[in-house]
1. Residue check: is GLU271 of a type in the set (D, E, K, R) and part of a loop (DSSP other than H, G, I, E, B)?
2. Could you tell me whether PHE37 is touching a Ser or Thr at 6+ places or on another chain (Cβ under 9 Å), at pLDDT 95 or above and more than 21 Å from GLU104 (Cβ to Cβ)?
3. Can you tell me which residue in the range 227-242 is nearest to ligand 2 (Cβ to nearest atom), limited to those that are touching a residue at least 40 places away in the same chain (Cβ under 8 Å) and outside any strand (DSSP E or B)?
4. Take the residues in the range 285-343 that are of a type in the set (S, T, N, Q) and within 13 Å of ligand 1 (Cβ to nearest atom), then tell me which one is nearest to LEU32 (Cα to Cα).
5. Out of (1) assigned to a strand (DSSP E or B); (2) buried (at least 19 other Cβ atoms within 10 Å of the Cβ); (3) more than 16 Å from ligand 1 (Cβ to nearest atom), what's the single condition that is false for ARG29?
6. If you take the residues of the range 191-213 that are in contact with a helix residue (DSSP H, G or I) (Cβ under 8 Å, 6 or more places away or on another chain) and within 22 Å of LYS312 (Cα to Cα), which of them is farthest from ligand 2 (Cβ to nearest atom)?
7. Among VAL316, VAL258, VAL296, VAL328, which is the only one that is farther than 23 Å from VAL359 by Cα, in contact (Cβ under 8 Å) with a residue 12 or more places away in the chain and of a type in the set (Val, Ile, Thr)?
8. Taking the range 26-74 only, how many residues are under 15 Å from LEU11 (Cβ atoms), among the acidic types (Asp, Glu) and in contact (Cβ under 8 Å) with a residue 60 or more places away in the chain?
Amino acid sequence: MRIEAAELRILELPLKFRFETSFGVQTKRTILLLRLFGEGLEGLGEGVMERLPLYREETVEGARYLLEEAFLPRLLGQDLPNPEALAEALRPFRGNPMAKAVLEMAFYDLFAKGLGKPLWQVLGGVRTRVEVGVSLGIQPTVEDTLRVVEKHLQEGYRRIKLKIKPGWDYEVLKAVRQAFPEATLTADANSAYRMADLPRLERLDELGLDYIEQPLGYDDLLDHARLQARLKTPICLDESLTSAEKARKAIELKAGLVFNVKPARLGGHGESLKVHALAEAAGIPLWMGGMLEAGVGRAHNLHLATLRGFTKPGDVSSASRYWEEDIVEEALEAEEGLMPVPEGPGIGVTLKLPFVERVTLWRRYVSAS
Ligand code: OSB
Ligand code: MG
């Protein structure tokens, strides 16, 4: 598949809800969108980095710079036999998995379209619907929390994840557990705790949580392993897993007994397949994470979540929860906690161009010289 040209855009999309986590409040997303053109086809990729490095280190402007100045010039005009060849061409550039993932995932879409197959089949998926839960931000009060939890359970979501931070943890989780004794409940700290908070974290053990997500440092494995040895509740790693190498070390250290996979955090689908294989061999259950994606990123996540190892409900909830209007034509909606995977070649969604145009802040077309 020859990459003939590319279009980069930065979009701004207002969220329907205020999303508060231990690292800040989000009310809109700034989205790097990539369209790759080759052999009469178009591949789409969506960045998940934010304007500021509050979740991981990468930023929209940093990724835009790398794609425009380094990655695209290296690849435009090249005939690449497969996505592995593209990953190989980007290997000299260190780190920056989210920036690489925008390109790698857009190329996977283009490559699957070239084969005339849906992406999930190219990746080796085994199902056409994906079990999903919701990730609920920190609410103003415990009463508000109980209300939003009830609403989402009624909508059929199969797991409730609550964002926590020191001072907003045991009490709110305990209230939710008492009100909904049967619910599958998890907590995500986004790195808000230190080892010194061990007594606080130990109290969560009595709540029957399915797992506690990323309690400690955003790049840490060792302290998570030490914490896991002290907790009954499984730890799930998110921020710390940025490559298959990190996953291998996490498995060896027993730094987490569950993994959150976000292809964009790992550098793309290829790296995610490696993590999937390692996790399967080690008996570690996976679930598909989310980064408040618009339709392109959400579709990519759904395709990857069809692999066998994704045995726990993911964070890929209905697009209509997030957006008044999405950037793709297709409605990505869950029913009874199941998300259908978009049909058709590649990721199976098409850009709603007039709307994309309206929310575009910046645009650049690059072609092979
Ligand atoms: O930690 O999983 C996270 C959103 C932005 C950054 C980090 C995270 C999240 C979510 C939201 O939890 C998941 C979603 O609904 O897309
Ligand atoms: Mg998380």
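1. Numbers: of a type in the set (D, E, K, R): yes; part of a loop (DSSP other than H, G, I, E, B): no.
It is false that GLU271 is of a type in the set (D, E, K, R) and part of a loop (DSSP other than H, G, I, E, B).
2. Working: touching a Ser or Thr at 6+ places or on another chain (Cβ under 9 Å): yes; at pLDDT 95 or above: yes; more than 21 Å from GLU104 (Cβ to Cβ): no.
No: the conditions fail for PHE37.
3. Of the range 227-242, the ones touching a residue at least 40 places away in the same chain (Cβ under 8 Å) are 236, 238-239, 242.
Subsequent filtering for residues that are outside any strand (DSSP E or B) retains 238-239, 242.
Numbers: ASP238: 4, GLU239: 7, THR242: 13 Å.
It comes out as ASP238.
4. Step one: of the range 285-343, the residues of a type in the set (S, T, N, Q) are 301, 306, 311, 317-318, 320.
Subsequent filtering for residues that are within 13 Å of ligand 1 (Cβ to nearest atom) retains 301, 317-318, 320.
Values: ASN301: 16, SER317: 21, SER318: 21, SER320: 20 Å.
Out of the qualifying residues, it is ASN301.
5. (3)
6. Per the criteria, the residue is GLY208.
7. Values: VAL316 fails: farther than 23 Å from VAL359 by Cα; VAL296 fails: farther than 23 Å from VAL359 by Cα; VAL328 fails: farther than 23 Å from VAL359 by Cα.
The conditions single out VAL258.
8. Total meeting the criteria: 1.
The values are calculated or read from the model by the stated rules, or taken from the named source; none is laboratory data. These numbers were taken from a predicted model, which means no experiment stands behind them. In this analysis, Cβ positions are derived from the backbone assuming ideal geometry, glycine residues included, and neighbour counts consider all displayed protein chains.
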